[in-house]
Number of protein chains: 2
Amino acid sequence: MISLVERAACIRELVSQLGESKVRTTPEDLAAYETSVRHGSGLAAFAVLPGSTDEVSATLRCCLRHGITVIAQGANTGLVGAASPDSIGTHAILSLEKMSTLIEIDRINRSVLTSAGVRLSALNAKLAEHELVFPIDLGADPSIGGMIATNTGGARFIRYGDVRRSVLGLEVVLADEKGTVLNMTGGLRKNNAGVDLKQLFIGTGGAFGVITRAEIEVQTLARHVATALVVPNSEDVVTELLVGAERVFGETLTSFEGMSRNAMECVFRHMPRARNPFLPDPVPAYALLIETTSTGESEDGGAELQQRLNAFLERSLKSGTITNAVFDHADQLWTIRHSISEALQQEGRVIGLDIGLRRGDVSKFHTDARALVEKHFPWLKIFDFGHCGDGGDHFNLVWPKDGAPDFDNARASEAREALYSLVVEKYRGSFSAEHGIGPLNQIYYKKFTADSNKAFAGRIAQMFNPNDLLGRFSLN
Amino acid sequence: MISLVERAACIRELVSQLGESKVRTTPEDLAAYETSVRHGSGLAAFAVLPGSTDEVSATLRCCLRHGITVIAQGANTGLVGAASPDSIGTHAILSLEKMSTLIEIDRINRSVLTSAGVRLSALNAKLAEHELVFPIDLGADPSIGGMIATNTGGARFIRYGDVRRSVLGLEVVLADEKGTVLNMTGGLRKNNAGVDLKQLFIGTGGAFGVITRAEIEVQTLARHVATALVVPNSEDVVTELLVGAERVFGETLTSFEGMSRNAMECVFRHMPRARNPFLPDPVPAYALLIETTSTGESEDGGAELQQRLNAFLERSLKSGTITNAVFDHADQLWTIRHSISEALQQEGRVIGLDIGLRRGDVSKFHTDARALVEKHFPWLKIFDFGHCGDGGDHFNLVWPKDGAPDFDNARASEAREALYSLVVEKYRGSFSAEHGIGPLNQIYYKKFTADSNKAFAGRIAQMFNPNDLLGRFSLN
């Protein structure tokens with residue numbers, strides 16, 4: 001709830017405390033904060049652009065006094081609506097965009113201290129000067145704070161894990177009366193001297209506090225890379241190939257990504273930047289993007305890495321588990337993978353799913369899910385792709401523009417819910433693997449989370465965010 | 001507090017619910033649960049050995065009704081007293097020893113479901129049949145539940161991280177009226193569909209609940225290993241060598257451990273199983289145990305791994321950063337490293353420190369710490385060793401049997417506290433890096449934890465353990 005009088009008073013105070021340049025109020029100025037880069041839009045009551053932790057604290061205190069809900073926003077590239085205001089203008093946007101310059105590299109500790117608004121691309125450009133990298137690979141260019149609030153996974157999870165794994169420290173501002181700054185930093189890898197409170201701010205979509213700074217463990221930049229797009233003889237052999245690849249490549253395996261024919265064809269149809277490497281053959285039913293990298297020095301310039309990949313593929317070809325493999329320019333193969341989400345938008349209304357499963361359950365789930373769609377929603381087209389290496393599965397559906405009933409939001413939600421039920425109830429999987437929590441999956445949280453777990457989450461929310469001032473996701 | 005009447009009533013009820021064989025009450029039967037394998041001892045009111053999650057829940061409910069504090073105990077190998085009863089017999093021990101058979105390996109998911117009482121050695125024996133391993137390396141043989149409650153680190157942290165990194169799921173029993181079983185399992189690598197509650201039970205010493213089951217990501221067993229014990233020209237070049245080693249060995253670097261001359265000499269003096277590999281030369285001032293491993297197949301049988309290590313060492317010798325290196329049998333080199341703690345006990349009273357620092361701060365801290373000891377506690381002997389690769393530092397002191405004032409507990413505590421103050425206040429380090437929290441470091445928690453962080457930890461404790469029934473560490 002927000003009244004025009006409170007809104008005006010809050011803006012006045014913020015202008016006097018932070019200066020006019022850090023408070024945005026006109027529709028033109030607000031537009032940039034209202035529409036997500038990738039999903040959803042709304043109307044903002046106003047936007048604040050604090051330039052320091054103290055200013056974040058002052059902003060939260062001011063909004064609390066006036067009872068105005070605050071949505072923290074980084075690069076606004078999320079997929080669950082967590083950084084978007086609602087459609088009626090009751091939310092203030094707290095953008096971290098002015099807190100985007102601190103990048104303090106500790107070469108010996110192999111870690112970096114950044115402000116929350118720093119973009120992944122900016123961080124990696126700076127790290128590259130020291131042959132270092134924050135190796136979370138995804139299609140977007142999020143802010144570090146947003147990545148932490150989402151606990152982003154991505155396409156190199158099998159080697160580098162999620163964002164949580166790399167977070168050494170956090171500074172967070174709470175939306176309590178004092179605008180408390182919780183300092184959970186120190187840059188330590190080993191620290192078990194109490195409760196590791198920072199874990200609670202990772203993956204909780206900004207519901208507990210506003211992340212202002214982060215300390216992150218970074219990795220040595222890959223020196224050699226070997227990549228192939230591999231055609232398994234059927235989806236049934238994918239896990240066998242995965243287990244085999246882990247044996248053969250060991251610690252050098254960085255990606256094991258799956259793409260269905262529909263997903264690949266859609267990319268070739270709509271994205272001129274992507275090249276079909278299978279031509280003149282038809283696009284296969286399924287393909288695996290396998291990447292191995294080594295970060296160490298090797299005298300052979302990485303030849304051994306490539307040879308090992310080739311030998312694995314030749315053996316698999318001989319045994320019949322794969323029927324082909326292409327070694328085009330690796331960047332072109334990755335372009336296919338990273339273009340799928342955007343390409344799907346051209347096909348119709350996308351019902352995107354971000355599912356987490358045990359690795360062995362993915363193909364079983366696909367069989368069940370295809371049957372479910374075929375039976376109840378036969379007009380929906382399936383464009384699945386996913387991270388076979390970690391069980392993350394984007395079983396995406398498209399409601400086509402042509403040859404289908406008119407789009408019906410309720411029916412689309414039914415399809416989504418039926419698939420989530422299958423995931424959670426039959427496979428004990430997750431309805432949000434790496435996109436985190438936000439208003440777009442709020443109802444599934446309520447439906448699929450065990451009561452006891454929900455009750456504890458609610459009490460923790462009450463503890464850190466006692467006035468329910470932050471974000472659009474209710475943990476109760 | 002405990003009365004004999006309540007104690008007797010509680011025992012009667014437990015016997016009737018769990019059977020006589022699962023409740024121990026005589027001094028002879030209790031002895032095994034009263035003395036820690038590595039540190040401390042006490043007196044138990046009684047011991048309960050539940051055989052299932054339901055029996056753990058029944059035990060907690062029964063103890064709650066009678067107001068008897070419960071200490072969960074795995075293999076009892078901890079170093080901070082978290083699994084030991086107090087000295088006056090007010091605590092009941094809940095041993096997980098009967099819950100030690102479930103080891104369900106999911107080969108495709110590369111994960112395992114275990115009961116909390118399973119020993120690391122038993123788990124790894126079973127995993128080895130599938131060429132898998134839970135690669136946490138330490139001197140003791142703890143239970144899986146204890147490792148999670150401690151968030152154990154160890155000597156291969158640089159590659160495999162702490163226990164937290166590998167925990168995919170937990171089942172925990174709370175000490176509330178219902179003995180609530182919190183199910184946080186599913187075996188998923190990617191799951192961000194709410195608050196990741198299981199993080200709160202990792203590293204909190206059993207203060208929030210009793211861990212009964214765990215799902216753990218496991219790794220492919222190392223196929224090739226190259227090891228050397230390296231002599232740096234001084235401690236000052238250690239971090240330079242570390243950064244260089246990470247560049248050269250990349251993802252194959254698994255250990256980078258440091259040992260001081262005192263620590264090594266102490267081992268050679270007291271541990272007949274350890275062989276001095278430097279003979280006939282004197283033991284150097286400092287040595288680094290460097291290990292690289294590869295888990296993948298390589299056609300050369302691991303020769304490249306060894307060659308790369310040799311080349312690195314030859315270059316370092318030529319540039320003068322190292323003065324020698326020995327390649328004895330790797331297991332003999334590791335024996336030196338893993339024998340230090342035990343050997344120190346022979347020298348006198350050990351003041352063990354488990355410190356976490358940024359990697360670049362370790363040698364600066366050593367300089368300061370040596371000056372401090374020299375100035376205020378000149379009779380104490382320093383036997384430092386540590387995990388240079390992750391900043392974990394065991395700056396251990398010994399109060400010698402001879403040539404020193406008589407042992408004085410208060411003075412020993414002063415030395416400990418002075419060093420912790422240096423660690424925390426000057427270096428923002430941790431007074432408990434990988435040994436976790438327990439009664440032995442309770443006072444340092446109170447002294448060195450920020451008030452706001454302590455307040456939140458206390459409220460979380462109040463939430464999960466509302467009757468203050470669990471453990472000996474107060475988070476308030």
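The values are calculated or read from the model by the stated rules, or taken from the named source; none is laboratory data. Every value quoted in this text rests on a predicted model; they were computed, and no experiment measured them. No Cβ is skipped: glycine too gets one built from the backbone with ideal geometry, and neighbour counts run over all protein chains shown.
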Completion exercise
Across (1) hydroxyl-bearing (Ser, Thr, Tyr); (2) modelled with pLDDT of 95 or more; (3) not in a helix (DSSP H, G or I), B:SER298 clears everything bar (2)
Completion exercise
All-but-one check, A:SER87 against (1) in a loop (DSSP other than H, G, I, E, B); (2) touching a residue at least 60 places away in the same chain (Cβ under 8 Å); (3) of a type outside the set (D, E, K, R), failing number (2)
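Residue-wise test of (1) charged (D, E, K, R); (2) out of contact with any Ser or Thr (no Cβ under 8 Å at 6 or more places or on another chain); (3) at pLDDT 95 or above; (4) under 20 Å from A:SER294 (Cβ atoms).
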site	(1), (2), (3), (4)
A:VAL243	no, yes, yes, no
A:LEU253	no, no, yes, yes
A:GLY258	no, yes, yes, no
A:ARG269	yes, yes, yes, no
Fill in the blank from the handout: The correct count of residues that are farther than 20 Å from B:ARG337 by Cβ and touching a Lys or Arg at 6+ places or on another chain (Cβ under 8 Å) in region B:230-245 is 1
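Check A:LEU49, A:LEU79 and return the single one that is buried (at least 16 other Cβ atoms within 10 Å of the Cβ) and at pLDDT 95 or above.
Among A:LEU49, A:LEU79, only A:LEU49 is buried (at least 16 other Cβ atoms within 10 Å of the Cβ) and at pLDDT 95 or above.
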Fill in the blank from the handout: For strands (runs of 3 or more DSSP E) lying entirely in region A:301-388, having 2 or more residues that are over 19 Å from the mean Cα position of the chain (by Cα) and closer than 24 Å to A:GLU240 by Cβ picks out A:322-326
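Here's the yes/no breakdown for (1) within 10 Å of chain B (Cβ to nearest Cβ); (2) of a type in the set (Val, Ile, Thr); (3) crowded, with 16+ Cβ neighbours inside 10 Å; (4) within 25 Å of A:VAL181 (Cβ to Cβ):
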| position | (1), (2), (3), (4) |
| --- | --- |
| A:ARG411 | no, no, yes, no |
| A:GLU417 | no, no, no, no |
| A:LYS426 | no, no, no, no |
| A:SER430 | yes, no, yes, no |
| A:ILE437 | yes, yes, yes, yes |
| A:LEU440 | no, no, yes, no |
| A:SER452 | yes, no, yes, no |
| A:ILE460 | yes, yes, yes, yes |
Exercise for the section: Filter region A:352-361 down to residues that are buried (at least 21 other Cβ atoms within 10 Å of the Cβ) and within 20 Å of A:LEU79 (Cβ to Cβ) and give me whichever is farthest from the other protein chains (Cβ to nearest Cβ). Expected result: A:LEU353
Practice task
Please specify each residue of region A:199-232 satisfying the condition of being more than 30 Å from B:THR252 (Cβ to Cβ) and more than 9 Å from every other protein chain (Cβ to nearest Cβ).
Solution key: A:PHE201, A:GLY206, A:GLY209, A:VAL210, A:ILE211, A:THR212, A:ARG213, A:VAL231
Practice task
Take region B:104-122 and flag every residue that is away from every other protein chain (no Cβ under 14 Å) and touching a residue at least 24 places away in the same chain (Cβ under 8 Å).
Solution key: B:THR114, B:SER115, B:ALA116, B:GLY117, B:VAL118, B:ARG119, B:LEU120
Fill in the blank from the handout: Considering region A:105-122, residues that are of a type in the set (A, V, I, L, M) and assigned to a loop (DSSP other than H, G, I, E, B), and then whichever is surrounded by the fewest Cβ atoms within 10 Å (Cβ to Cβ), we arrive at A:ILE108
Exercise for the section: Note down all Cβ pairs under 8 Å where the first residue falls in region A:329-347 and is among the small types (Gly, Ala, Ser), the second is assigned to a helix (DSSP H, G or I) and surrounded by fewer than 19 Cβ atoms within 10 Å (Cβ to Cβ), and they're at least six residues apart or on different chains. Expected result: A:ALA343/A:ARG269; A:ALA343/A:HIS270
Handout entry: Residue check, B:LEU313 touching a strand residue (DSSP E or B) at 6+ places or on another chain (Cβ under 6 Å), free of Cβ contacts under 8 Å to residues at least 40 places away in the same chain and outside the structural domain of B:ILE158 (by TED's automatic domain parsing)
Key = no
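Results for (1) assigned by TED's automatic domain parsing to the domain that holds B:ARG315; (2) closer than 30 Å to A:HIS130 by Cβ, shown as yes or no for each residue.
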{"site": "B:GLY161", "(1), (2)": "no, yes"}
{"site": "B:LEU170", "(1), (2)": "no, no"}
{"site": "B:VAL181", "(1), (2)": "no, no"}
{"site": "B:THR185", "(1), (2)": "no, no"}
{"site": "B:LYS198", "(1), (2)": "no, no"}
{"site": "B:THR204", "(1), (2)": "no, no"}
{"site": "B:LEU242", "(1), (2)": "yes, yes"}
